[in-house]
Amino acid sequence: MELLKEISKEGKNKFDIEDDIYIEIENLEEKYLRSEINLPDISEVDLIRHFISLSKENYGVDNGFYPLGSCTMKYNPKINEEIAKKEDFKYFHPLISIEYSQGLLKIMWEMQEFLKILAGMDAFTLQPKAGAHGEYTGLRIMWEYFNDKGEKRNKVILPDSAHGTNPASSSMLGLEVIEIESKDGMVDPEKLSEVVDEKTFALMLTNPNTLGFFEKDILKIKEILKSKGALLYYDGANLNGFIGIARPGDMGFDAVHLNLHKTFSTPHGGGGPGSGPVGVKEFLKDYLPYPLIENEEEFYYFSKPAKSIGKVGSFFGNFSVILKAYLYIRELGFDGLKEVSQIAVLNANYIKEKLKKYYPSQFDRLVKHECVLSGKIYKDYGVKTVDIAKRIMDYGFHPPTIYFPHIVDEALMIEPTETENKETLDKFIDAMIKISEEIKNNPEIVKNAPLNTKIKRPDELKANKELKVKW
Amino acid sequence: MKFIPHTQKEIEEMMRDLGISSLDDLFKDIPDEVKIKEKLDLPKPLSELGIREEIENIFSLNTIPKRIFLGGGAYYHLIPSTVNYVLNRGEFYTSYTPYQPELSQGMLQALFEFQSVLSDLTGADITNASMYDGATSLMEAVFMGERVKNKKRLLIARSLNPEYQEVLKTYIKPRDIKIEFIDFKEDGRVDLNQLEEKTKEDFSSLVVQSPNYFGIIEDIEEINKIVKKRDALLIQLITEMMSLGILKSPFELGVDILAAEAQSFGIPLSFGGPYLGILQTKKEFVREIPGRIVGETVDRNGKRCFVMTLRTREQDIRREKAKSNICTNNSLNAIAALVFLATVGPKGVKKIAEINYKKSHYFKKRLIDEGFNLTFKGPFFNEIVVDLPFTDNVLKEKLSLVGIEGGIPLKYYAMDNSYLFSVTEMNRREDIELLICSLKEG
Amino acid sequence: MYKVIEGLFYEKSDEWLKVDGEIGTVGITDYAQDKLGDIVYLEEAKVGKVVNKGDVVISIESVKAAADIHSPVSGEIVEVNLDAVKNTVIINEDPYGKGWLFKIKIKDKNELKDLMDAKAYSEYRQ
């Protein structure tokens, strides 16, 4: 497909705008002014065709099954998109007088309340703009807490199944990361006891973890950390595994982040924007970033917590993402949210049961919203999981996440979500079974996949060695 | 069972296949102590019609000011109809990070074009595929500077957006980095003499915003000369990208890292977000830049295509040694900015910028006509600070009578009677006259 | 399966060390280059840098992975293989020969006894 630069020609663009200032204004000094602007010069019709063509080369949840593990690619309700695109929002500057934005502030305040209830926490900030951003914020709050107490703690503990954002967020605070080996795919309380001491800052835990297992020893884990004064952080990426059934706050988590673009149905936008609100227990409330939204007899205003860490981003958070998640909660209610995890977990276990003998990993137990299978038995045929993923594309599906978590060799991490019905799952299961047969009878077809896509196996080595990041 | 597409029969069939009699069986591995026992206190669910009505009710609590003279990090600009048309494509907005390039060439090429267009606009060698916002982008720029130069002292111009100063302080506190400020002079610009003095001691970078928080255009060329006498980097922040319609490319003037907020390019004010963080740098620092980067390559048949590249900088591969923890970014808003720039074109961006400049200077002329004093005398783009003989409450009242929002008091600088106004192509001449009138009153 | 050369010393983190009088040459093993995949970037080590045994000297990157290269001994970096920096494919093709990474002036030969020999490393990685 042609690039904008390649269809650009001087004089094609006919954009115009009125100027109602008719007096002479003195110019800026020459030294500040640019001599030319190098932007594509294209007509509106060409522009529209260009982007429509590009969209056709892309695959989203609206196109089909998108079972990326830990991403929760569920259906994005269109009513929420429509409301978030209301004309009015083009006028709402974040700094307008609060008397004017009472409706918007009400939504933010109610969202703070909803999330407190759903997560079992005492206070929430809506400021973080993504999950990783929320992780940083949660850890930063804990850092301030320890700093205030005069306690010098610098070690963060992570299970070997942790998302990469967990150690990366810890590093941003200058904290040292210690990884502990899982036992049967879950945190081993004994190993944890050996490692936790007075220098331990926190344990960061995703629950269900990235294998889709509920961390069954969670209460014991909490006790171990508490005994040494360390804290427990919740990575909410997998909340779709038990929302409405259980709450991280009730499990002993001191700070949590939620991913509105996962559990709460806001679209992923090709990589973003998202929103990662952070909830804390009472003892950490004073450290939340400002502003928080307060409600005094239906009048909404901003407040700054007494020992606030400051700000982690501009303004108050990704409002239109927060709005979409708010609407989702209003549409589902408590019962609807509970059904989300019930069906998400039903779907994941259904896939696991049907495919486990074709793609066995070292685990076989009840999962929550996602399951991790493995392509390792096909190594003998010279086929790797990446080949299987490419072949899945030929069957019309987006592949699952591959090669994560690291504790499963040749991992296939499948999260169907609750918005896929039995027909879709059966088609996917059929395709996976067919592929396993292909591997045994005709491995070349899988090794050479994909066969049906326009582009096949981009040369990543070339992309790295001959770096070309602009035209 | 909102949005859940199963029939009851299907659910029962699946349960039978799993050998369970109740969905509760799927959660038996969760200890009873942590299970929710009572129904949580959330409002009862609403249908689509119900939601529309509820939102109408909530929004009736809003007042929509249409004459917006507010700036300070977010700007009221035109949004061409093409932007939403493209953003509404489900193939774009319901997709995820393009980890599987064969299914994501649309997004990958669009992001490559975004990177290219932004690089061309500023003279950068490399632009990443977006950050959350200008503030976190600036934070990443500062950490980049620290990694590259391995020095623990950071210089910041005090005329930097106060909110951004807060964000930097929050991120820097746990790290062993010392911040020192460079003051501004009467004209609102960086004190070059003070800069000369303060750069004598080792430092990693100087952070300067231009146009700065007061709307004043800094002399980046001169500032660069001073910084480059030492082994340090020049980091520029831009919060009003529309200024680049007339202002020189930052990288031409010697900037090493550019952090910016590009909300001005086709992204609505939407009460604070999501916006669009820009992070750019020179070739030599390409391995230090965080965030996703799309690169051009060929597939096995030699066809040109695009793929994410330099992935070993990122968190999923490099983990605790990653350049940043960033995963989700602002891809969709990057597409908005791309569509915006492609819609208005090179002449359009220049014209819009010129109109911004003219209108803000028209406002200045009228203020001076009416005897008002400009706080700073330096050159400016579309924001201006005015001394007004009333408190911010009084100002707010005056302006609300005419449906105007504007005038951010410079309380952060203990200049309570100085107010920041922004004037863009969206402010008609009669709105400017109305504002002048309202300021004159009483 | 993986090539291991006699007469060299080996570290658990997959570096090899060839000793020639006072000077040690360091590189990565065949196992390491295979695990990394096609190498795309070799950081240029700083000549004159003084390191302790186990310190990270430089990093090496492939398309899908990155690895820190540790010095098997304490000493001062005296030479860097600029050919390998310019043309990283030689590290994959000839990890024990042309793909050497840096040379170090060995501070204390006693440290050599903590390293593995070819047989021990073969067992460790096979």
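The values are calculated or read from the model by the stated rules, or taken from the named source; none is laboratory data. Predicted model only: the values in this text are computed from it and were never measured. Here the Cβ positions follow ideal geometry from the backbone for every residue, glycine too, while neighbour counts run over all protein chains shown. Side chains are part of the model used for accessible areas, which takes the heavy atoms of the whole protein and leaves out ligands, DNA and RNA. Shrake-Rupley method; radii C 1.70, N 1.55, O 1.52, S 1.80 Å.
So what does log10 I(q)/I(0) come out to for region A:78-332 at q = 0.09, 0.13 Å⁻¹, using the Debye formula with one equal point on every Cα and no solvent? Log10 I(q)/I(0), no solvent term: -0.38, -0.79.
Shielding value for A:95-108 is 6, the average number of Cβ atoms from other chains within 10 Å of each residue's Cβ.
Excluding ligands, DNA and RNA, what is the accessible area buried between chains A and B, summed over both sides, using a 1.4 Å probe, to the nearest 100 Å²? Walk me through the numbers before you get to the answer.
Working: alone 24600 and 23850 Å², together 30830 Å².
Chain pair A/B: roughly 17600 Å² of buried accessible area.
Straight Cα distances below 25 angstrom link A:LYS454 to the lysines A:LYS5, A:LYS56, A:LYS384, A:LYS390, A:LYS427, A:LYS434, A:LYS462, A:LYS465, A:LYS468, A:LYS470, B:LYS303, C:LYS64, with same-chain residues fewer than 8 positions distant left out.
Highest mean first, how do B:83-96, B:132-145, B:109-122 rank when packing is the count of other Cβ atoms within 10 Å averaged over residues? If you can, show how the numbers build up before the last one.
Values: B:83-96: 21.3, B:132-145: 28.5, B:109-122: 25.4.
Sorting B:83-96, B:132-145, B:109-122 by mean packing, highest first, produces B:132-145, B:109-122, B:83-96.
Ranked highest first by average number of other Cβ atoms within 10 Å, how do A:269-280, B:10-21, B:60-71 line up?
Details: A:269-280: 29.9, B:10-21: 14.7, B:60-71: 19.8.
Taking the mean over residues of other Cβ atoms within 10 Å, the ranking is A:269-280, B:60-71, B:10-21.
For the protein assembly as shown, the mean residue ellipticity at 222 nm estimated from helices alone is -10500 deg cm²/dmol, where every DSSP H run of n ≥ 4 contributes -39500 (n - 2.57) and the total is divided by all residues, rounded to the nearest 500. With all projection directions averaged, the alpha carbon convex hull of the protein assembly as shown covers 41.0 nm².
The residues of the protein assembly as shown have, on average, 35 Å² of accessible surface per residue, using a 1.4 Å probe with all protein chains present.
Rolling a 1.4 Å probe over the protein heavy atoms of region C:25-117, with every protein chain left in place, gives an accessible area that is 46 percent carbon and sulfur.
Among the helices of chain B, those built from whole DSSP H runs whose Cα atoms reach 24 Å or more along their own axis and whose mean Kyte-Doolittle hydropathy is at least -1.0 are B:105-122, B:331-369. For chain B, modelled as a GNM whose springs connect Cα atoms under 10 angstrom apart, the maximal fluctuation among B:MET415, B:MET107, B:MET426 occurs at B:MET415. Within chain A, helices built from complete DSSP H runs that reach 30 Å or longer along their own axis (Cα positions) and carry a mean Kyte-Doolittle hydropathy of -1.0 or higher are A:319-355. Relative contact order for region B:202-332: 16 percent, from Cα pairs under 8 Å spaced at least 6 residues apart, divided by residue count.
When +1 charges are put on Lys and Arg Cβ atoms and -1 charges on Asp and Glu Cβ atoms, the dipole computed for chain B relative to its Cα centre reaches about 1080 debye.
Apply the a/c threshold of 1.5 to the C-alpha gyration tensor of chain A and tell me whether it is rounded, prolate or oblate. The partial results should precede the final answer.
Working: a/c = 1.69, a/b = 1.06, b/c = 1.59.
Note, shape of chain A comes out oblate.
Relative contact order (percent) for chain A, with alpha-carbon contacts under 8 angstrom and 6 or more residues of separation? Before the final figure, lay out each step's value.
Details: 839 pairs, mean separation 83.8, N = 471.
Relative contact order here is 18 percent.
Which of the lysines could a cross-linker span from A:LYS149 if the Cα-Cα distance has to be under 17 Å and same-chain partners fewer than 8 positions apart are dropped? Partners found: A:LYS199, A:LYS226, A:LYS228, A:LYS281, A:LYS285, A:LYS307, B:LYS173. Apolar share of the accessible surface for region A:78-332: 45 percent from carbon plus sulfur atoms, 1.4 Å probe. For region A:272-334, GluC sites (Glu not before Pro) meeting the loop criterion (DSSP other than H, G, I, E, B) and having at most 10 other Cβ atoms within 10 Å: A:GLU297, A:GLU298. Leaving ligands, DNA and RNA out of it, report the carbon-plus-sulfur percent of the accessible area of region B:81-340 at a 1.4 Å probe. Of all accessible area on region B:81-340, carbon and sulfur atoms account for 44 percent.
From the Kirkwood radius over Cα pairs of region B:21-139, Stokes-Einstein at 20 °C and 1.002 mPa s returns a whole-number translational diffusion coefficient of 103 µm²/s.
With a cap of 15 neighbouring Cβ atoms within 10 Å, and only residues DSSP puts in a loop, list the GluC sites (Glu not before Pro) found in region A:172-239. List each step's numbers first, then the result.
Working: sites: A:GLU176, A:GLU179, A:GLU181, A:GLU190, A:GLU194, A:GLU198, A:GLU215, A:GLU223; in loops: A:GLU181, A:GLU198, A:GLU215.
Taking region A:172-239 and a limit of 15 other Cβ atoms within 10 Å, the loop GluC sites (Glu not before Pro) found are A:GLU181, A:GLU198.
Counting Cβ atoms of other protein chains within 10 Å of each residue's Cβ and taking the mean over peptide B:377-386 gives 1.
Determine the equivalent ellipsoid of chain C by diagonalising the alpha-carbon gyration tensor, then write out the semi-axes as square roots of 5 times the eigenvalues, largest first, rounded to whole Å. Mind showing how you got there, number by number?
On the way: eigenvalues 81, 66, 28 Å².
Listed largest to smallest, the semi-axes of chain C are 20, 18, 12 Å.
Cross-link pairs exceeding 19 Å between alpha carbons, from the set A:LYS116/A:LYS338; A:LYS116/B:LYS35; B:LYS283/B:LYS323; A:LYS78/A:LYS338; B:LYS283/C:LYS86: A:LYS78/A:LYS338.
Just check region B:141-289 against the gyration tensor rule for me: Cα atoms, a ≥ b ≥ c as the square roots of the eigenvalues, rounded for a/c under 1.5, and otherwise prolate or oblate depending on whether a/b exceeds b/c. Here region B:141-289 falls in the rounded category. Label point of A:ASN295 set 7 angstrom out along Cα-Cβ; within region B:44-79, amide nitrogens under 15 Å from it belong to B:44, B:55, B:58-59, B:61.
Contact with the other protein chains removes 10 Å² or more of accessible area, compared with the isolated chain and a 1.4 Å probe, from these residues of region B:250-286: B:PRO268, B:LEU269, B:SER270, B:PHE271, B:GLY272, B:GLY273, B:PRO274, B:TYR275, B:VAL286.
Can you give the mean number of other chain Cβ atoms that lie within 10 Å of the Cβ atoms in peptide A:242-252?
Values: counts 6, 1, 4, 8, 8, 4, 1, 1, 6, 4, 1.
Going residue by residue through A:242-252 and averaging, the value is 4.
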